[in-house]
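> The structure under discussion is supplied below as structure tokens; questions concerning it will follow.
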2 protein chains.
Amino acid sequence: MSDETVRFDLPQTDIPHQWYNIQADLPRPLPTVLHPGTHQPIGPDDLAPLFPMDLIMQEVSQDRYIDIPDEVREIYKLWRPTPLLRARRLEKALDTPAHIYYKYEGISPSGSHKLNTAVPQAYYNKKAGVQGLTTETGAGQWGTALSQACNFFGLECFVYMVKVSYQQKPYRAAMIRTFGAQVTASPSDTTHAGRGILAQDPNSPGSLGIAISEAVEVAATSGGKYKYALGSVLNHVLTHQTVIGEEALKQMDLAGEYPDVIVAPTGGGSNFAGISLPFIRHNLKDGKRTRILAVEPAACPSLTKGVYAYDFGDTSGMTPLVKMHTLGHTFVPPPFHAGGLRYHGMASIVCELYDQGLIEAQAIPQLETFAAALTFAKAEGIVPAPEAAHGIAGAIREALAAKESGEKRVILINLCGHGHFDMSAYTAYLDGNLNDLEYPDEVFQEALTHLPQI
Amino acid sequence: MSDETVRFDLPQTDIPHQWYNIQADLPRPLPTVLHPGTHQPIGPDDLAPLFPMDLIMQEVSQDRYIDIPDEVREIYKLWRPTPLLRARRLEKALDTPAHIYYKYEGISPSGSHKLNTAVPQAYYNKKAGVQGLTTETGAGQWGTALSQACNFFGLECFVYMVKVSYQQKPYRAAMIRTFGAQVTASPSDTTHAGRGILAQDPNSPGSLGIAISEAVEVAATSGGKYKYALGSVLNHVLTHQTVIGEEALKQMDLAGEYPDVIVAPTGGGSNFAGISLPFIRHNLKDGKRTRILAVEPAACPSLTKGVYAYDFGDTSGMTPLVKMHTLGHTFVPPPFHAGGLRYHGMASIVCELYDQGLIEAQAIPQLETFAAALTFAKAEGIVPAPEAAHGIAGAIREALAAKESGEKRVILINLCGHGHFDMSAYTAYLDGNLNDLEYPDEVFQEALTHLPQI
């Protein structure tokens, strides 16, 4: 026992040289993206005001592999390859015959997987001569990652942070400022969109939808000086995240096992796609059968309770129309603590995989996720982000099912971030001040009546 | 460049099997520890009310190596070996010919090196049949580590947290509670010592000295049910931390270099000793010449401005008398942000090394340490704890000296913890609200008049 290894490390020469683009392998291609005004298919030029052409080309690329630039790999070396560990102590705590592994993206300097895409996004913008990036952030993981990435490449960075998060998580804002970015509580008086909201409600707590509007406005009206960056949902973002799964494939090999089931949380879909897409490639090509399980919050269940329809990506209806599993762009999730999962829609790639039966989905209520987080922390030491706790809760369900059936089941979790900036949520849980915050079905049904008519 | 490795990982089979006890190799043995009342040498039995006999025996052991129990190595596997990285981007930012390496202890689940000793301390107490441990914490790194360690071994844990820290750092308290420990703001009404302080000053913000008194009282009056644990200063604590240096020796080998200078912060001395003692062993035995540089805060400079004399370890004069570099046990450091370095004295081992000319020391003011922390964060991504920033500031001085003289100098830093729970200090720095908080020399001179007469 004493010389048994529970961590499976790759040398830095094994940092992937290419991202995997699943669009090349999808049995049925992704649905067309439509212009919000004309409802006609949009082309690369429609996106050019917001994104550099390299990223737009990745968005629509059908190439199976996309080379990772040397400059990006150099930055990846600050924390990649991330560790894969066998959760021996968690297995023991659950008394399960399952073997549980977790890929730990929380060791990234930004604290989550978000830096995997922030770095290439900053790189391609720098290469295109852009002077700075604008973005929004809710929980703060994405704002932190983009501020770091912009700092690495000498870009300015403007983060619109949902006001209620800005006030509740001052340390997140401090972290973002440490890397030289400017953080503005949203709604703000620095944009037309923000001023409009404040005129209606000077005390508006803000929302991700409003913050997106502010960030997009600053980029779109800058005459090309600034562009906009998004932390999830888009195809190129999911593609960048495949470094997680490519490494995990090699690490499971080192461990001498292959996952029967992969479990990861889904908000916009990027960490889930990051770990699972390379395994889905194997499922499609080599006939290996790994179940791929997306875990979403029961309070915002876009896959399990939404419909697969064209909808806007933002609340105000400014973005292109994308076919997605959606709760309706006007749906406002209750204030549960996994802020990174409070999104009405889902990445197109994840939705198409779900619709084609290539992945499963499960919704888990808030209290079960915090109970799972505590079980994990006490066994493995790491305090997971509330978002990551959804993956853990799903994995614990799998491990207990394996115990029930007496079968060995190899489970792989994507532990996408640590919870060091989420301790107020843990305090609320420990003090018994949390509940499941689930809406009755009527609320979901009402929100779906606002879908655009295509 | 693209395939150059900047991280040097060891497999888990290379987690040390033994701690290194430098008492076996000291040219002159450590000074005798004296009873606070009788001033006579104390023996193991005098310490038995507070510590289990295994730890007391390690405290006085002259054996060069002490076996690490399997149960402790199993827990070490949750995060060890910790990574060693070459700070290529920091070197570039400083434009120095120096090669800078850092050993990163912040990836431990508690966020610092403290867990290296918390785990064996909990283990030996469990083995001795103790039911729980009491301790104090200031900045919170130690309280977090001990709460995790007690959780791993099923021990109760009672943490007395300095009240002002408890109020300023609610997330630290939340983290400690997450692992099942009970956190009490000190001074409290749960102890005789605490009640005495509160009677004098109901609004007392507390101090490390008061919190120690409360924690010791609970253990000492529990009839053996509870014992007490200390996070630094004692010989056995420093010995446990040598896993850092033993790993670093092998990792520098992987990197194909050997340090010309090792730089680490010193408060009580444990992270400094942890990385440097194994290299000092080489200095003593093999004639290798690595300079070993302790960096202390200019606002609490026990090595550079204190005297080497017998003094109490605590403020109230209850502990045994130890010969140490001290500013006087009544010295109250100003409220600078590296709470873990706000200690009037220093570990006996570190003091003796300093007195024997085997290590150097340097005091660095607060603003320089935060400037260094920002330079490091922007280059390498990691936001260091304010304590760790002292080591970085010292290393940057070394790197700039190497640039000045045009020499290649191999520098090894112990990056002992991350700053995720210290972002309020960064906010204060970014807002221009910090200063150096150094006392005039008269304050130090006055404090030294209160040394006990031996």
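> What number results when the radius of gyration of segment A:11-114, computed over Cα atoms, is divided by 2.2 N^0.38 Å?
1.52
> When the Cα centres of segment B:192-241 and segment A:22-43 are compared, how far apart do they sit, in Å?
Between the Cα centre of segment B:192-241 and that of segment A:22-43, the gap is 65 Å.
> So, one more: Taking all protein chains in place and a 1.4 Å probe, what share, in percent, of the accessible surface of chain A do carbon and sulfur account for?
Carbon plus sulfur share of accessible area: 52 percent.
> Give me a single rounded figure for B:377-388: the average over its residues of other chain Cβ atoms within 10 Å of their Cβ.
4
> Let me ask you something else. Using a 7 Å offset from the Cα along the Cα-to-Cβ direction at both residue B:60 and residue B:443, what is the distance between the two label points in nm, to one decimal?
Once both label points are built, they end up 3.9 nm from each other.
> Given the DSSP H assignment, sum -39500 (n - 2.57) over each helix run of at least 4 residues in chain B and divide by its residue total; what's the result at 222 nm in deg cm²/dmol, nearest 500?
-12000 deg cm²/dmol
> Give the cross-link partners of residue A:126 among the lysines, using a straight C-alpha distance below 23 Å as the criterion and excluding same-chain residues fewer than 8 apart.
Hits, sequence-local ones excluded: A:77, A:114, A:225, A:227, B:92, B:378.
> Out of B:453, B:433, B:399, whose Cα points farthest toward the positive end of the dipole of segment B:397-454 (charges: +1 Lys, Arg; -1 Asp, Glu; placed on Cβ)?
B:399
> Right, here's the next one. Between copies, how far apart are the residue B:440 label points? List them in nm, one decimal, shortest first, with each point 7 Å from Cα toward Cβ, please?
With the label placed 7 Å along Cα→Cβ, residue B:440 yields 7.3 nm.
> In segment B:1-98, what GluC sites (Glu not before Pro) fall in a loop by DSSP, with at most 16 other Cβ atoms inside 10 Å?
Those that pass, being in a loop and sparsely packed, are B:4.
> Further question on the same structure: Label position 7 Å from Cα toward Cβ: report the copy-to-copy distances for residue A:204 in nm, one decimal, ordered from shortest.
Here the equivalent label points are 5.1 nm apart from this one.
> B plus A alone minus the pair: what accessible area, both sides summed, probe 1.4 Å, in Å² to 100?
Interface between B and A: roughly 4700 Å².
> Here is a further query. To the nearest 20 debye, what is the magnitude of the charge dipole of chain A about its Cα centre, counting +1 on the Cβ of each Lys and Arg and -1 on the Cβ of each Asp and Glu?
The calculation lands at about 620 debye.
> Normalising by the residue count of chain B, find the relative contact order in percent from Cα pairs under 8 Å and 6+ residues apart.
19 percent
> Using a label point 7 Å beyond Cα on the Cα-Cβ vector, give me the inter-copy distances for residue B:40 in nanometres, one decimal, shortest first.
10.0
> Given a 1.4 Å probe, how much area per residue of the protein assembly as shown is accessible, in Å²?
33 Å²
> Kindly write out, for segment B:15-23 in residue order, the coupling ³J(HN,Hα) from the Karplus curve 6.51 cos²θ - 1.76 cosθ + 1.60 (θ = phi - 60°), rounded to whole Hz, with x marking Gly and Pro.
4, x, 8, 9, 8, 9, 10, 5, 4
> For the charge dipole of the protein assembly as shown, defined by +1 on Lys and Arg C-beta atoms and -1 on Asp and Glu C-beta atoms about the Cα centroid, which residue among B:315, B:76, B:47 has the Cα displaced farthest towards the positive pole?
B:76
> What size of dipole, in debye to the nearest 20, comes out for segment B:211-279 about its Cα centre when the only charges are +1 on Lys and Arg C-beta atoms and -1 on Asp and Glu C-beta atoms?
340 debye
> Which one, A:338, A:358, A:180, projects farthest toward the positive side of the charge dipole computed for chain A from Cβ point charges (K/R +1, D/E -1)?
Looking along the dipole axis, the top candidate is A:180.
> Pairing rule first: another cysteine's C-beta must sit under 4.7 Å. Under that rule, which cysteines of chain A stay single?
Cysteines of chain A left without a disulfide-compatible partner: A:300, A:351, A:416.
> If R₀ is 45 angstrom, what is the calculated FRET efficiency for the pair residue A:285 and residue A:53, using the beta carbon separation as r and rounding to 0.05?
Using R0 = 45 Å, I get an efficiency of 0.90.
> Right, another one. Report which residues of segment A:57-82 become buried by 50 Å² or more of accessible surface when going from the isolated chain to the complete set of protein chains (1.4 Å probe; DNA, RNA and ligands ignored).
Buried on complex formation: A:74, A:77, A:78.
> Also: So for segment A:66-217: antiparallel DSSP bridges make up what percent, rounded to the nearest 5?
Bridges in segment A:66-217 are about 20 percent antiparallel.
> If you put +1 on each Lys and Arg Cβ and -1 on each Asp and Glu Cβ, how big is the dipole of segment B:222-331 around its Cα centre, in Debye rounded to 20?
Once rounded to the nearest 20, the dipole reads 260 debye.
> Ok, one more. In segment A:199-338, what % of DSSP beta bridges are antiparallel (nearest 5)?
Looking only at bridges with both residues in segment A:199-338, the antiparallel portion is about 55 percent.
> Need one value for A:171-179: mean number of C-beta atoms belonging to other chains within 10 Å of its residues' C-beta atoms.
Average neighbour count from other chains, rounded to a whole number: 6.
> Further, regarding this structure: Under the 0.36 nm per residue contour assumption, what length would be gained going from the current alpha-carbon distance of residue B:95 and residue B:408 to full extension?
Residue separation times 0.36 nm, minus the Cα-Cα distance, leaves 111.5 nm.
> For the protein assembly as shown, would you read off the P(r) tail past 43 Å as a percentage of all alpha carbon pairs?
31 percent
> A follow-up question, please. Specify the inter-centroid distance of segment A:288-325 and segment A:382-403, based on alpha-carbon positions, in whole Å.
21 Å
> Near residue A:403, which aspartates and glutamates are there with a Cα under 16 Å away, not counting those fewer than 8 places off in the same chain?
A:91, A:95, A:260
> While we're on this one: Taking every DSSP beta bridge with both residues inside chain A, roughly what % is antiparallel (nearest 5)?
35 percent
> Using modelled amide H (1.01 Å from N, peptide plane; none on Pro or chain starts), what sits under 5 Å from the amide H of residue A:313, excluding residues fewer than 5 places away?
Amide H neighbours of residue A:313: A:319, A:322.
> Compute the whole-percent fraction of alpha carbon pairs in segment A:329-406 spaced more than 14 Å apart.
Of all Cα-Cα distances in segment A:329-406, 69 percent exceed 14 Å.
> Now for a different question. Name the residues of segment A:396-440 whose accessible area, probed at 1.4 Å, falls by at least 50 Å² once all protein chains are in place instead of their chain on its own?
SASA drop of 50 Å² or more in segment A:396-440: A:420, A:423, A:430.
The values are calculated or read from the model by the stated rules, or taken from the named source; none is laboratory data. Bear in mind the structure is a predicted one, so any value in this text is a computation, not a measurement. Neighbour counts run over all protein chains shown; Cβ positions are idealised from the backbone, glycine included. We work out accessible area using only protein heavy atoms, side chains counted, and drop any ligands, DNA or RNA first. Shrake-Rupley method; radii C 1.70, N 1.55, O 1.52, S 1.80 Å.
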